[in-house]
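What follows is a set of notes on a single structure, which appears directly below.
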Amino acid sequence: MFKVRICKFFPAGVLFALVAASTLCTDLVEVVKINPRIRLDIRYATTNNFAGKVVYPSARCYLQEPAAKALNLVQKELEKVGLGLKVFDGYRPLSVQRIFWAVVSDRFPDEKVRAQYVANPAKGSKHNRGTAVDLTLVDLETGEDVRMPSEYDDFSEKAHRKYETMSTKAGDNCLLLETVMKKYGFVPLQSEWWHFDWNDWQAYPIQDTTFAELEGTGMPKA
């Protein structure tokens, strides 16, 4: 219905683990077309992000269809208590993953530490599969974000779900978001309170499909 089907041919040896010479297809859907009440704050389409520059050409969020439909159920449940979702990021092309990895290389020289916050593009990210989403809660009455343990993309222990000195209110909000997301099939990342992975992420391939291709304004790469 609101799908974009992208099929690409990967020759043997590409992306480390792909079976030799196979065609991979995927159905990415635009989240707001599944539920327009889900708010967007796509930081990487602005300069308000850790990279300090625009890396997405448009402020859109795509996810694999089952994950997007599950997010719709999360939104509907939260609305019962006067809350809603605000999404920071969803599907991310592999080329952007390489940009992020390079940006954080100076900040975190130790590769293992760096990989806690940005996945190594050599292995790919769940964002590159369209199966990870970064989000927070908003108060539907005021439109404001609720209190959380840290700002988005805070590369410190404050962002950890088990950060011991977070305020009670932030802890309660973090736990509420985690509980509802888990109920509908998402798995929380322990080092980032905002990050959740769809539980069937392994079923989907790593992609470098551009936003222009997803929007139907560009030609697929050879």
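Assorted remarks:
- Charge context of residue 143, other residues only, Cβ under 10 angstrom, K/R +1, D/E -1: -2
- Here is the P(r) of the range 3-214: all C-alpha pair distances, binned every 5 Å from 0, give 1, 7, 15, 20, 20, 17, 12, 5, 2, 1, 0 in whole percents.
- Cross-link pairs 80/182; 123/183; 126/182; 76/182 - those with Cα-Cα distance over 19 Å: 123/183
- Take every Cα pair under 8 Å whose residues are at least 6 apart in sequence, average their separation, divide by the length of the chain, and the relative contact order is 19 percent.
- For residue 86, net neighbour charge (Lys/Arg +1, Asp/Glu -1) across residues whose Cβ lies under 9 Å away: -1
- Prolate/oblate/rounded call for the range 63-159, Cα gyration tensor, a/c under 1.5 rounded: oblate
- Protection proxy ranking of 175-181, 105-111 - average other beta-carbon atoms within 10 Å, highest first: 175-181, 105-111
- Options 81, 116, 93, ranked by Cα towards positive dipole end of the chain, top entry (Cβ charges): 93
Taken together, the values in this text are just the output of simple stated rules run on the coordinates, not laboratory data. Keep in mind that what you see is a predicted model, and the values were worked out from it rather than measured. Positions of Cβ are backbone-derived with ideal geometry, glycine not excepted, and every protein chain shown enters the neighbour counts.
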